[in-house]
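Participant: I am attaching a structure below and will ask some questions about it afterwards.
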Amino acid sequence: MTHIDADTRELFLAESMRTRTRHERFPMTGTRAQGVVPSTERFASIRDIRVFAGGVVLRMAAGLLLACSSLASAQQKPKRPPTKPDSMGGMPGMRMPAAKSDSSKKTKSKAAAHDTMSMDMPHDMPMPVPMPKGMPMIPGLVGLTPPVTSFLPGSGVDPKRLPLATTSRITRLKNGDTLDLTAQLVRRTIKGHTFVMYAFNGQVPGPLIRVPQNATITVRFHNRIDLPSTVHWHGVRLDNRFDGVPGLTQDSVRAGGDFVYTVHFPDAGIYWYHPHVREDIEQAMGLYGNVLVDSPEHDYYAPANREQMLVLDDLLINADTLIPFGKEAPDFALMGRVGNVLTVNGEPRYTLRAKRGEVVRFFITNVSSSRTYNLSFGGAPTKVVAGDVSRFEREERVPSVVLAPAERYVVDVRFESSGKYAVVNAIQAINHYAGEFSPEVDTLGAVTVDATPAAPDYAKQFATLRSNDAVARDIERFRPFFDKPPDKTLTLTVATNALPLATVQFMNVDTAYYAPVEWVDGMPDMNWLSTSKQVRWILRDEHGKENMDIDWHAQQGSVVKLRIFNDPKSFHPMQHPIHLHGQRMLVVSRDGVPTKNLVWKDTAIIPVGSTVDLLIDASNPGDWMLHCHIAEHLGAGMMTVLHVDGAGGGGKSR
Ligand SMILES: [Cu+2]
């Protein structure tokens, strides 16, 4: 999110929870319970009416669409006859494959699909994603498949010969050290099902690289997966040559190839690394890891009894099968792939035992392709301490933390009394079909607190909200630029072609209402069928130039104001976490409201309908990507380059 102050967080939640819900639950994700979402009345106004009206319009439209569906179906000429609806326990609305009579067809039974999946297999499985409860698949879409070939890791590989993935281990490195980092195929067992996936050094998440601030390390990357790859050091202001962007800073590393990165860590905090090639596949299949950069200051953070990494991810599974990816182009191009199994540190359930009164520092990273989280700790008092690239000006008590893809937050949580605290993602689900919102709570794990008192007892330090004067002083020199006119303006929108007619009809009505943030996939059928061949996500500048055609230069040492507007009238408006490589930036205002407590960021969520002003400290010369961090949106073109021209005049630092 742009910033966790109460205003913004409440806005996201409040605006999407305005409607009186039917309290329907989506049978899509993990363990759930009817939960309470923090409430506020501050934003109950026009949008309420709009959402209600939208719901009514949508229900009418849905009826109309059902009536027109045979027409749509006929026009679309599905590649296979519509399948018979079948009941599947716990997955209402799911449509299962019709009985196969033609044995020459390449389609395999679901159970065998993974082991035998060929990279050249047409993407012809029927709609594989469970539909939310009460939401039928749009009839005009039944039987259609995305126009791509199916891909899953490890085609033709015997899973039994692959190593079983392990949990992440800490790799402590000092200045000058070298690390071998290998992307490889592994076996992973999730909820009793075994899948072939990817891992760095056999670990999911990859090794936690822990380095002192200002260290420079060498990473020898070995690509041993079945796709080209690279490593991007997310949030790190490093030498441009090692930023890991194929076609911009390096060639992609072919399968079997190697590349040597030199990585310098100028800022303390929590960072992460992942490939910058087909993130929708490689990152989703397990290629992600954290870097924890330690400040030399002993009291950089307030004291805590314990540190924990929380890497949030979601995986899309159909019963016992991973849902394949598009080989030539990402599928799920409209909303991004939203998983139905939530994982923390690669496991479906996070557990921690703590002592009574213990202060636990959580370093949280959202590595999901598309999902935004609203995380809280069972009511335990929570302090937000730091964000992507720095600490906050001031520590702040928060009821929850909102993280869009790629964002990080550092929070201190004190577990005051013994008992069980649920770690939950509490959000507002959206049903695009009915135009309804409903509260949804997924339990990601639990912290069990013993009666034994924690020692030392940091109750007093925890109760103090520290001011980080060094951060405020550092930001002070940027304040004169806060109100300057924007140097660059980008509008976020989308263009589509050749989408199924039923999708187009539905979406034309769907935009009658919108949510600032979509927390779930409320239209999995339309989403699955959309690929980056049909959907182009767009950054459009003030000259009308789009994505990579934008010619954007800044002088090294300058301060660049970037204004981003997320057009709510686009074909499919949704939030976009916008990430800038190699620099740091401040979210100085949203919709004209100045941010009260600043933090240096590398990723900022732009809610639908909002205008967000970012101030970029263009300190690092080179060619730096600015893109949406929803993997499928990036795969559908939503990227441009900021050329930071060095003193020599060239944009390249090499
Ligand atoms: Cu996006």
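The values are calculated or read from the model by the stated rules, or taken from the named source; none is laboratory data. Not measured: the values here are computed from a predicted model. Note that we place each Cβ from the backbone using ideal geometry, even for glycine, and neighbour counts take in every protein chain shown. Side chains included, ligands, DNA and RNA excluded: accessible areas come from the protein's heavy atoms. Shrake-Rupley method; radii C 1.70, N 1.55, O 1.52, S 1.80 Å.
Participant: Where the second residue is more than 9 Å from the ligand (Cβ to nearest atom) and the first is on the phi > 0 side of the Ramachandran plot and lies in region 630-642, which pairs have Cβ atoms under 6 Å and are six or more apart or on separate chains?
Facilitator: Between residues of region 630-642 that are on the phi > 0 side of the Ramachandran plot and residues that are more than 9 Å from the ligand (Cβ to nearest atom), the close pairs are GLY637/ARG536; GLY637/ASN547.
Participant: Then there's this: Assess whether ALA454 counts as being of a type in the set (A, V, I, L, M, F, W, C) and modelled with pLDDT under 95.
Facilitator: no
Participant: Please state which of the following conditions ASP280 fails to meet, knowing it meets all the rest: (1) more than 16 Å from the ligand (Cβ to nearest atom); (2) under 16 Å from TYR198 (Cα atoms).
Facilitator: For ASP280, the failing item is (1).
Participant: Within region 538-561, which residues are away from the ligand (no atom under 16 Å from the Cβ) and buried (at least 23 other Cβ atoms within 10 Å of the Cβ)?
Facilitator: Scanning region 538-561 gives a single hit, VAL560.
Participant: Follow-up. Regarding region 562-574, can at least one residue be identified that is within 16 Å of the ligand (Cβ to nearest atom), over 23 Å from TYR373 (Cβ atoms) and touching a helix residue (DSSP H, G or I) at 6+ places or on another chain (Cβ under 9 Å)?
Facilitator: The answer is yes; a qualifying residue exists.
Participant: Moving on. Consider region 151-207. How many of its residues are of a type in the set (Gly, Ala, Ser) and either touching a Phe, Trp or Tyr at 6+ places or on another chain (Cβ under 7 Å) or open to solvent by less than 20 Å² (accessible area, probe 1.4 Å) (or both)?
Facilitator: Selection size over region 151-207: 5.
Participant: Just to confirm my filter: which strands (runs of 3 or more DSSP E) fall fully inside region 579-644 and include at least 1 residues that are more than 19 Å from the chain's Cα centre (by Cα) and more than 16 Å from the ligand (Cβ to nearest atom)?
Facilitator: Where strands (runs of 3 or more DSSP E) fall fully within region 579-644 and carry at least 1 residues being more than 19 Å from the chain's Cα centre (by Cα) and more than 16 Å from the ligand (Cβ to nearest atom), they are 584-590, 611-618, 622-628.
Participant: Please work out which residue is farthest from GLN308 (Cα to Cα), limiting yourself to region 258-279 and to residues that are touching a residue at least 60 places away in the same chain (Cβ under 8 Å) and hydroxyl-bearing (Ser, Thr, Tyr).
Facilitator: Per the stated criteria, the residue is TYR273.
Participant: Return the residues of region 564-591 that are surrounded by fewer than 21 Cβ atoms within 10 Å (Cβ to Cβ) and modelled with pLDDT under 95; say none if nothing qualifies.
Facilitator: PRO568, LYS569, SER570, PHE571
Participant: Assigned to a loop (DSSP other than H, G, I, E, B), free of Cβ contacts under 8 Å to residues at least 60 places away in the same chain and over 30 Å from VAL520 (Cβ atoms): is that true of ALA255 in this structure?
Facilitator: Judged against the criteria, ALA255 is a match.
Participant: If we scan region 620-631, do we find a residue that is open to solvent by less than 10 Å² (accessible area, probe 1.4 Å), at pLDDT 95 or above, over 20 Å from ALA515 (Cα atoms) and out of contact with any Leu (no Cβ under 7 Å at 6 or more places or on another chain)?
Facilitator: yes
Participant: Only one of these is open to solvent by 10 Å² or more (accessible area, probe 1.4 Å) and not basic (Lys, Arg): HIS298, HIS274. Name it.
Facilitator: Values: HIS274 fails: open to solvent by 10 Å² or more (accessible area, probe 1.4 Å).
Within the list HIS298, HIS274, the selection yields HIS298.
Participant: Quick check, is ARG337 within 16 Å of the ligand (Cβ to nearest atom), touching a residue at least 24 places away in the same chain (Cβ under 8 Å) and over 15 Å from ARG188 (Cα atoms)?
Facilitator: Against the criterion (within 16 Å of the ligand (Cβ to nearest atom), touching a residue at least 24 places away in the same chain (Cβ under 8 Å) and over 15 Å from ARG188 (Cα atoms)), ARG337 qualifies.
Participant: With the condition being among the polar types (S, T, N, Q) and modelled with pLDDT of 90 or more, I'd like the strands (runs of 3 or more DSSP E) fully within region 476-562 carrying at least 3 qualifying residues.
Facilitator: 488-496
Participant: What number of residues within region 471-489 satisfy the criterion of being surrounded by fewer than 18 Cβ atoms within 10 Å (Cβ to Cβ), touching a residue at least 24 places away in the same chain (Cβ under 8 Å) and either within 16 Å of the ligand (Cβ to nearest atom) or not charged (D, E, K, R) (or both)?
Facilitator: The number of residues fulfilling the criteria is 7.
Participant: Determine whether ALA498 is surrounded by 24 or more Cβ atoms within 10 Å (Cβ to Cβ) and more than 16 Å from the ligand (Cβ to nearest atom).
Facilitator: Judged against the criteria, ALA498 is not a match.
Participant: Follow-up question, since we're still on this one. Select the strands (runs of 3 or more DSSP E) contained entirely in region 184-229, then report the ones holding at least 3 residues which are over 27 Å from ASP320 (Cβ atoms). Give the derivation first.
Facilitator: Values: elements: 193-200, 208-212, 216-224.
So the answer is 208-212, 216-224.
Conditions tested, residue by residue: (1) of a type in the set (S, T, N, Q); (2) within 14 Å of the ligand (Cβ to nearest atom); (3) touching a residue at least 60 places away in the same chain (Cβ under 8 Å); (4) open to solvent by 10 Å² or more (accessible area, probe 1.4 Å).
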position: THR491; (1), (2), (3), (4): yes, yes, yes, yes
position: VAL494; (1), (2), (3), (4): no, yes, yes, yes
position: THR503; (1), (2), (3), (4): yes, no, yes, no
position: PHE506; (1), (2), (3), (4): no, no, yes, no
position: TRP528; (1), (2), (3), (4): no, no, yes, no
position: SER532; (1), (2), (3), (4): yes, yes, yes, yes
